[in-house]
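Chemist: Below: one structure in structure tokens.
Please treat every number below as a calculation from the coordinates, not as lab data. Fair warning: this is a prediction, and the values are worked out from it, not measured in the lab. Note that we place each Cβ from the backbone using ideal geometry, even for glycine, and neighbour counts take in every protein chain shown.
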């Protein structure tokens with residue numbers, strides 16, 4: 001089953017300095033249950049592409065289908081949850097209150113909200129923290145809460161825009177492991193934007209390498225790694241070879257600079 | 001104690017300067033009187049007399065304190081000489097004007113944030129309204145309302161609202177716009193309606209700004225009310241008390257009314273400050 005399909009998607013921003021081609025002729029198919037990472041230097045359009053999938057930006061050309069619908073329809077059908085780089089939790093709401101915010105907006109009943117909130121808190125390993133306020137939690141825990149918020153309404157697709165970019169390496173490793181675990185448990189389709197080669201290689205079933213000016217896909221690498229991945233897998237020759245491939249792909253994209 | 005000491009020192013210095021100024025400013029009159037009566041004044045006599053005049057140019061602090069005490073505690077509160085009675089007249093109009101002004105400021109801010117046409121048209125008018133001297137506007141408002149048969153609280157409240165809506169408007173426009181792009185994108189990703197974005201995100205985010213504006217607004221409302229009480233005809237309120245004091249050269253009365261107004265303003269601002277601390281701490285927004 002195809003979760004996301006892009007055909008010749010282009011997106012041009014009109015700025016005072018003339019048009020900026022954030023995306024040019026991007027074609028990509030993401031299957032259901034895939035974990036797809038988008039990697040590339042700043043300005044390569046990886047975030048723009050993710051936002052276009054979420055209907056936060058509108059492509060200027062090409063077609064984009066999310067769960068067989070237009071991105072706009074998909075959003076209204078709650079097809080995806082979005083996680084940003086910052087947790088963006090409301091300081092005046094408890095963790096549970098933050099997680100039930102989208103549920104309130106979408107009109108879920110009170111009992112349903114409580115039950116869903118409890119379930120996703122368990123899922124991100126924050127059981128018992130529902131009554132705490134965001135400032136009482138560490139940065140890593142806050143980001144986990146924001147992931148729980150994106151999971152609360154059972155979207156099939158999880159879009160993550162550098163969710164761990166602001167965290168330190170140790171926390172990041174632990175969250176990467178937890179995310180893989182979560183992905184295995186829920187079977188979601190995940191689109192994941194990152195700057196980090198090891199993160200992309202460790203997490204993904206497919207790695208999409210992008211390059212800037214104009215933003216485009218230069219390589220799509222299917223990962224030969226098994227779905228069960230302990231952290232130690234990062235020391236295996238397969239992992240290192242894959243990371244090397246990604247690095248080459250990134251260098252290719254920079255060949256014209 | 002460490003914090004109290006500097007405050008007390010400053011207070012003491014002000015009182016000392018005030019006494020000095022009272023002696024110095026009232027001395028010509030006392031000397032004049034002595035010259036007419038052809039008596040010779042010792043320095044002690046001069047000081048004593050300058051500080052106990054009935055209608056001094058500048059009353060001494062203890063005279064003002066006595067006048068204030070007499071006005072607050074020495075009269076029945078229904079008496080026309082009671083500062084409590086006059087203070088209540090002023091306070092009620094201030095609160096009414098503050099409520100009107102705050103409501104108007106918030107509503108205009110909501111309009112500005114949500115409507116492009118209002119965004120581009122309202123602010124210049126709001127700024128213009130504040131550049132008109134309130135002293136020029138106040139008598140006109142009073143006269144227009146009086147000709148329609150409306151006197152008393154409402155015209156004064158309108159003038160108070162005129163001054164107090166502006167800080168609320170400016171603060172709330174800023175406050176309602178504090179949520180950043182990410183917060184708004186999150187809301188969009190949940191297909192939230194504008195009303196939902198307003199009630200759940202914009203309004204709570206704006207509260208710190210609202211409280212800061214309210215403090216300015218309530219002080220401005222008090223000033224507006226007192227100015228509204230100055231035009232001839234007003235017989236009640238701290239403004240009227242100021243005016244009648246100046247008619248009859250009752251400087252102690254003027255200063256007492258002035259201090260009563262200052263105390264009232266300080267109390268109102270402190271009250272809003274307390275509400276602010278309480279609310280923001282409960283919301284986790286306290287800094």
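Chemist: For chain B, what does the helix formula give at 222 nm: sum of -39500 (n - 2.57) over DSSP H segments with n ≥ 4, over the residue count, nearest 500 deg cm²/dmol? Spell out each step's value before the answer.
Modeler: Details: 12 runs with 222 residues, N = 287.
Here the helix-only value at 222 nm equals -26500 deg cm²/dmol.
Chemist: Measure nothing but the geometry: give the 0 to 90° angle between the long axis through the Cα atoms of B:238-247 and the longest principal axis through the Cα atoms of chain B, rounded to 10°.
Modeler: 30
Chemist: In whole Å, largest first, what are the principal axis extents of the Cα atoms in segment A:105-257?
Modeler: Principal extents (Cα only, largest first): 55, 35, 29 Å.
Chemist: Pick from A:174, A:216, A:206: which residue has the top mean-square fluctuation in a GNM of chain A where Cα pairs under 10 Å get a spring?
Modeler: A:174
Chemist: With just the Cα atoms of chain A, tell me how far they stretch along each of the three principal axes, in Å, largest first.
Modeler: 54, 43, 37
Chemist: Would you report the distance distribution of C-alpha pairs in segment B:4-58 as whole percents per 5 angstrom bin, up to the bin with the largest distance?
Modeler: 4, 20, 24, 18, 12, 9, 7, 4, 2, 1
Chemist: Would you look at the GNM of chain A, springs on alpha carbons closer than 10 Å, and say which of A:198, A:87, A:59 moves the most?
Modeler: A:198
Chemist: Relative to the longest principal Cα axis of chain A, at what angle does helix A:110-123 sit, 0 to 90 degrees, rounded to 10?
Modeler: So the inclination is approximately 60 degrees.
Chemist: Along each of the three principal axes of the Cα atoms of segment B:1-128, give the extent in whole Å, ordering the values from largest to smallest.
Modeler: 77, 39, 39
Chemist: So, one more: Between rounded, prolate and oblate, where does segment A:188-239 land on the alpha carbon gyration tensor, with a ≥ b ≥ c its root eigenvalues, rounded for a/c under 1.5, else prolate if a/b exceeds b/c?
Modeler: In terms of gyration-tensor shape, prolate.
Chemist: If you don't mind, another one. 7 Å from Cα along Cα→Cβ at both residue A:213 and residue B:75: what's the point-to-point distance in nm?
Modeler: Taking the simple label geometry, residue A:213 and residue B:75 are separated by 8.0 nm.
Chemist: Considering Cα pairs under 8 angstrom that are at least six residues apart, work out the relative contact order of chain B and quote it in whole percent.
Modeler: On the way: 357 pairs, mean separation 62.3, N = 287.
The value is 22 percent.
Chemist: Counting only Cα, what are the radius of gyration and maximum Cα-Cα distance Dmax of the protein assembly as shown, in Å?
Modeler: My reading of the Cα-based Rg and Dmax gives 34.6, 117 Å.
Chemist: At 222 nm, what value in deg cm²/dmol follows for chain A if DSSP H runs of at least 4 each add -39500 (n - 2.57) and the sum is divided by all its residues, to the nearest 500?
Modeler: -11500 deg cm²/dmol
Chemist: A further question on this structure: On a 0 to 90° scale, report how tilted helix B:153-176 is relative to the longest principal axis of chain B, with both axes built from alpha carbons and the result rounded to the nearest 10.
Modeler: Rounded to the nearest ten degrees, it is 50.
Chemist: Let me ask something additional. If you take the C-alpha gyration tensor of segment A:1-90, multiply each eigenvalue by 5 and take the square root, what semi-axes do you get, largest first, in whole Å?
Modeler: Semi-axes, largest first: 21, 17, 14 Å.
Chemist: Okay, moving on. Test of understanding: express the Cα radius of gyration of chain B as a ratio to 2.2 N^0.38 Å, with N the residue count.
Modeler: Dividing the Cα radius of gyration by 2.2 N^0.38 Å gives 1.30.
Chemist: Label points 7 Å out from Cα along the Cβ direction at residue B:191 and residue A:1: separation in nm?
Modeler: Using points 7 Å along Cα→Cβ, the separation is 1.8 nm.
Chemist: Grab the alpha carbons of segment A:87-154, take their convex hull, and tell me the volume per residue in Å³.
Modeler: Values: hull volume 4.9 nm³, N = 68.
Cα-based convex hull of segment A:87-154, divided per residue, equals 73 Å³.
Chemist: Could you please rank B:18, B:255, B:69, A:92, placing first whichever residue has the fewest other Cβ atoms within 10 Å of its Cβ?
Modeler: B:69, B:18, A:92, B:255
Chemist: Obtain the radius of gyration and the Kirkwood radius of segment A:60-188 from its C-alpha atoms and give Rg over Rh.
Modeler: Numbers: Rg = 14.9 Å, Rh = 15.2 Å.
Ratio of gyration radius to Kirkwood radius: 0.98.
Chemist: Residue B:266 to residue B:235: FRET efficiency via 1/(1 + (r/R0)^6), r the Cβ-Cβ distance, R0 35 Å, to the nearest 0.05?
Modeler: Details: r = 26 Å, r/R0 = 0.74.
With a Förster radius of 35 Å, E is 0.85.
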